[in-house]
Amino acid sequence: MVLVELAKILHVPVWALRGFLAPLVYPGLAVLLGTVLFLIWAERKMAARVQQRVGPYYVSPKLHGALQLIADGARFALQEIIVHIETDRLMFILGPILTFTFLTLPFTVLPGGPGIYGFRSDFSMVIVYALLTLSPITVILMGWASSNKFAMIGGGREALLTVSGEITLALAMLSVAAMYGTLDFVTAVEKQMHTGIIGLVSNPIAALLFFLAMLLLTDRVPFDIVLGEQEIVQGPYTEYSGVLYALTMAIDYVKLYALSLAFTLLFLGGWAPFTTPLLGAISVYIKSLIVMLFSVFLRAVYGRMKLDQAMNFFWARLFPLGFVALALGVFVHVIYA
Amino acid sequence: MTNKEERDNHRPSINPVLAHLEAIATGIKWLTRKPMTLMYPDMEEKKPEYFRGFIIFNYNKCIGCSLCAQICPPRAIHMYRVPGDKRIRPGYDAGRCIHCGLCTDICPTDALDVSPVHDEVFEQIGSMDFDPVEWHIISKKLVEEHAKRKRKLVITRVDEEVGLRYEPVE
């Protein structure tokens, strides 16, 4: 294998090379940044198309405005970071940085293809879930540290919605774990390849719950209540400018990328039908890209739910449905066995 | 029947699953349609023959009668004294102008004329106020620049399929 050869040339153990490459190259930072840039462009372009507009165009007319995001990034990099006098200075600056760091950590255990992972653990699903749950804490702290009404309200909304969304996500993950009898992503994918039935078919309720919770946790429409532009400007990120604003904007997309990757692995069969690392990695990436594109496309279709509507929807409808999904998962597990 | 029951009976019944699928399908259908934006700086609507844009001024034809300043409804034209000239001459505040064209109608010597230029950009408010000599110079410049423009000219048509359609013209 290429990785083993590379480790031999560099005189480092293979596990260290894996642990270095997975979070930094694929599925981690390098691919992630390209994906985020593409995704924001695609989101704006798709929303524009549905509304019969053109969208970003004049930055690079030949590429239909694909370089718009790079131009925006350059602007953010050169902009002054304004920290106003009433902020809690340390937390205000550390907030986006910490959140972004927490959100890149799941890529150490999320496999991006057959044999492409930072390290393999029997509890990788739990690890990913736990690391994704860390980020709302810092987002709430950002809202508090900004010393701004909108940021404060945004932080409160984040707290409320996180609680209702993550319990649904946990139930969906749990039913999948019960279905495959494992808490490991790699084993889950192997199980799907072994039986030939992807998770979306064997447990559609869990897939739906996972997808809806993903939309809620990543502030996609119709659950973009935390960011609610028309109501509270940018939610917890209102006061940020410059590079820190670019980081806060990336937060939701990074989360979306991580969760789509998990969705692909658990419900879409991961790297099936390929078994070689390169083709498998491409398969996983394309599948998760389709999931991401679909979830950003919903911006053009739906309006925003109110806070009480979303909470009611998640606690009164989806939470009981989660137990149905769990029962179905156990049932399917018995059939598989 | 109470109010609430009445309301509930008149509420259209919506299938919660099918309605969502229908909404998404509609979104995807619209995604394939072409945008109906007029790509303005590259493309421009063809202006009618007597389009009233920026008023252009020919200093050499002017006789200094000041009729234009009298008729101008928003008082965009003021008469100035130019050093070395016996007569008073009109100056022009493009920021006040409403492009009514009355000044060009009343001008006895056709020193004032309408032009199809409507998108000249000024960076400061002060730079939109011209004295007679400046007005003469900028009029000449704008007419020359407009003749050099190479934009695609189109006519807008209302189309039932697309909404708005742009037909190129020569």
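Below are the figures for this structure:
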read-out	value
Tabulated pairs, the range B:21-44, first within 8 Å of chain A (Cβ to nearest Cβ), second of a type in the set (G, A, S) and exposed (fewer than 13 other Cβ atoms within 10 Å of the Cβ), C-beta under 6 angstrom, 6+ apart or interchain	B:M36/B:G163
Elements of type helices (runs of 4 or more DSSP H) in the range A:143-258, at least 3 residues being β-branched (V, I, T) and more than 29 Å from A:L78 (Cβ to Cβ)	A:149-180, A:185-195
Total residues in the range A:295-319, condition surrounded by 15 or more Cβ atoms within 10 Å (Cβ to Cβ), of a type outside the set (A, V, I, L, M) and part of a helix (DSSP H, G or I)	6
Wholly within the range B:51-102, strands (runs of 3 or more DSSP E) carrying at least 2 residues that are at negative phi, open to solvent by less than 40 Å² (accessible area, probe 1.4 Å) and in contact (Cβ under 8 Å) with a residue 60 or more places away in the chain	B:55-57
The range A:285-303 - residue that is in contact with a Leu (Cβ under 7 Å, 6 or more places away or on another chain), more than 14 Å from chain B (Cβ to nearest Cβ) and touching a residue at least 24 places away in the same chain (Cβ under 8 Å) and, of those, farthest from B:L31 (Cα to Cα)	A:S288
Residue in the range A:256-279 that is within 14 Å of chain B (Cβ to nearest Cβ) and out of contact with any strand residue (DSSP E or B) (no Cβ under 9 Å at 6 or more places or on another chain) present	no
Residue tally, condition more than 19 Å from the chain's Cα centre (by Cα), over 20 Å from A:L216 (Cβ atoms) and crowded, with 23+ Cβ neighbours inside 10 Å, over the range A:115-144	0
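Here's the yes/no breakdown for (1) in contact (Cβ under 8 Å) with a residue 24 or more places away in the chain; (2) open to solvent by less than 80 Å² (accessible area, probe 1.4 Å); (3) within 12 Å of another protein chain (Cβ to nearest Cβ):
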position: A:L37; (1), (2), (3): yes, yes, no
position: A:A47; (1), (2), (3): yes, yes, yes
position: A:R53; (1), (2), (3): no, no, yes
position: A:H64; (1), (2), (3): no, no, yes
position: A:L69; (1), (2), (3): yes, yes, no
position: A:G73; (1), (2), (3): yes, yes, no
position: A:I81; (1), (2), (3): yes, yes, no
position: A:L98; (1), (2), (3): yes, yes, no
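Let's see how each residue does on (1) modelled with pLDDT under 90; (2) farther than 25 Å from A:Q309 by Cα; (3) of a type in the set (A, V, I, L, M, F, W, C); (4) out of contact with any strand residue (DSSP E or B) (no Cβ under 8 Å at 6 or more places or on another chain):
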position: A:T101; (1), (2), (3), (4): yes, yes, no, yes
position: A:T108; (1), (2), (3), (4): yes, yes, no, yes
position: A:G112; (1), (2), (3), (4): yes, yes, no, yes
position: A:S121; (1), (2), (3), (4): yes, yes, no, yes
position: A:S147; (1), (2), (3), (4): yes, yes, no, yes
position: A:G156; (1), (2), (3), (4): yes, no, no, yes
position: A:L160; (1), (2), (3), (4): yes, no, yes, yes
position: A:V163; (1), (2), (3), (4): yes, no, yes, yes
position: A:E166; (1), (2), (3), (4): yes, no, no, yes
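The values are calculated or read from the model by the stated rules, or taken from the named source; none is laboratory data. If you're wondering where the values come from, they're calculated on a predicted model, not measured in any experiment. Virtual Cβ from ideal backbone geometry, glycine too; neighbours counted across all protein chains shown. With ligands, DNA and RNA removed, areas are computed over all heavy atoms of the protein, side chains included. Shrake-Rupley method; radii C 1.70, N 1.55, O 1.52, S 1.80 Å.
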